[in-house]
Amino acid sequence: WAVEDGEPYNFDYYLILAPMYKETEELEGGGRKVGLDAFVHAEDEFIEEFAGIKFDYKFTRSKRVADSRNSFADTGLAPSRRCLVVHKSKVKDMIKRVESVLEG
């Protein structure tokens, strides 16, 4: 709507929320050991190269109702998110990089 109304999009930074799964393992004492991280969308791995700032966060609810969104929980994978902050000066190169990877 903003484009149709002639309002500009002049952002300095772009925030990309990338869904991830973290490999986890139950320990005997009741804790968890966290292993490898994996992006749900392969292209996010290449977008991450252009992020000036990145950080992870996990969901606050420890128990979720079983559904297709958390079906990996039984296999030792915990859902999380990685926030990728990309400066506008890097967006064109980021798009070219992702396109080149997808074209294969």
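The values are calculated or read from the model by the stated rules, or taken from the named source; none is laboratory data. All values reported here derive from a predicted model rather than from experimental measurement. A quick note on method: Cβ atoms are made from the backbone with ideal geometry, for glycine too, and the neighbour counts reach across all protein chains shown. Surface accessibility is based on the protein's heavy atoms, side chains included, excluding ligands, DNA and RNA. Shrake-Rupley method; radii C 1.70, N 1.55, O 1.52, S 1.80 Å.
At a glance:
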item	result
With all protein chains modelled, accessible area of ILE53 [1.4 Å, Å²]	90
Calculated FRET value between LYS96 and PHE59, using beta carbons and R₀ = 22 Å, to 0.05	0.10
Exposure of LEU17 as accessible area (Å², to 10), given a probe of 1.4 Å and all protein chains	90
Pair HIS87, TYR9: separation of 7 Å Cα→Cβ label points (nm)	2.1
Phi to ³J(HN,Hα) by Karplus 6.51 cos²θ - 1.76 cosθ + 1.60 over the stretch 15-25, Hz, x for Gly, Pro	9, 10, 9, 9, x, 9, 10, 10, 6, 10, 9
Members of LYS22/LYS54; LYS54/LYS92; LYS54/LYS88; LYS58/LYS96; LYS54/LYS96 lying beyond 25 Å, as alpha-carbon distances in this model show	LYS58/LYS96
